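Asker: Let me give you the structure first, and then I'll get to my questions.
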Amino acid sequence: MTDLADFLRARYAERRAIAQAATPGAWEGVVDRHQRGEVDASVWADSISYYVTEKITSGGRHEADAHHIAANNPADVLADLDAKLAIVDAYAPKTPGPRTDAELHADEEHPAWEYRSMEGTWTPQDGWESNVDLNGGYQVTGYTELSYWRRRLPAGQERQPRAEPLVLRILARPFAGHPDYQEDWAA
C-alpha cells in the first residue's frame, strides 16, 4: 500500500469494525466508593442496562480508567472516525501522481518557495507575492485579518517536495508503528 489516504482509510475501517462490534453507547464511568476507602471502577452501558466491564480494578487511579473507557464508547468513536474520513477525503490528492503547483501552494509546501502569514496590514517587498492559492491570499477571523504570502527561494535552496499533504501526515502519526506505515509520511 503506497497511498497515505488509502492507508488511513484502511486503519479507520479496522477501528470502525471494532466499534461497530462493541456494545452500543452511551457509556458511563461508574465509581463505587466503599466505607473502607476502596474504589471500584467499571463502565455502564445504558443500551443494555448492564456493565460493559465488570470491576476494572480497585484503587483511586483506576477511576480515571473507567471514565476514559466510557468516553470512548462506540458512538463517539464512530463520530470521530467519520470526521477523520471527511478530512482525508477533503485533503487527499484528487488525481494520482504529483500534486500541482496550486495544490502545493495551498498547503504551503512547494519546494521552491517559502511562505509567511501576516496579521494586519503588510506591504510586500523583496519578491513576496500574495499566496492566492491559500484561501485567496487572506482570511478574516473575528477581528483579525491574516494575509498569506509566498516568495521563490534562491536557486539551489529548493527543498524535497512532499508527496502527501501535511494534514494527512499528521493524521497518520498514531499509526507510525503499523507495518504498512512509510517513514516518508512522518510530519
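Asker: Please determine, by comparing only the residues of region 88-100 that are surrounded by 15 or more Cβ atoms within 10 Å (Cβ to Cβ) and not basic (Lys, Arg), which one is farthest from residue 44 (Cα to Cα).
Answerer: Only one residue tops the list, namely 93.
Asker: State which residue is modelled with the lowest pLDDT when the search covers only region 17-46 and only residues that are more than 31 Å from the chain's Cα centre (by Cα) and of a type in the set (Asp, Glu).
Answerer: 38
Asker: Just checking, does region 137-144 include any residue being in the same structural domain as residue 119 (by TED's automatic domain parsing) and touching a Gly at 6+ places or on another chain (Cβ under 9 Å)?
Answerer: Yes, region 137-144 contains at least one residue that is in the same structural domain as residue 119 (by TED's automatic domain parsing) and touching a Gly at 6+ places or on another chain (Cβ under 9 Å).
Asker: Among the helices (runs of 4 or more DSSP H) confined wholly to region 47-142, which include 3 or more residues that are out of contact with any Pro (no Cβ under 7 Å at 6 or more places or on another chain), at pLDDT 90 or above and not charged (D, E, K, R)?
Answerer: Filter on region 47-142 gives 74-91.
Asker: Inspect region 108-130 for any residue being surrounded by 12 or more Cβ atoms within 10 Å (Cβ to Cβ), within 17 Å of residue 8 (Cα to Cα) and either in contact with an Asp or Glu (Cβ under 9 Å, 6 or more places away or on another chain) or free of Cβ contacts under 8 Å to residues at least 60 places away in the same chain (or both) and give the result as yes or no.
Answerer: no
Asker: Being assigned to a loop (DSSP other than H, G, I, E, B), loosely packed, with under 13 Cβ neighbours inside 10 Å and at pLDDT below 85 is the filter here; which residues of region 143-186 pass it?
Answerer: Scanning region 143-186 gives 143, 159, 160, 161.
Asker: State all residues of region 131-187 that are touching a residue at least 60 places away in the same chain (Cβ under 8 Å) and within 14 Å of residue 115 (Cα to Cα); if no residue qualifies, say none.
Answerer: Result: no residue meets the conditions.
The values are calculated or read from the model by the stated rules, or taken from the named source; none is laboratory data. Only a predicted model underlies this, so the values are computations on that prediction, with no experimental measurement involved. Positions of Cβ are backbone-derived with ideal geometry, glycine not excepted, and every protein chain shown enters the neighbour counts.
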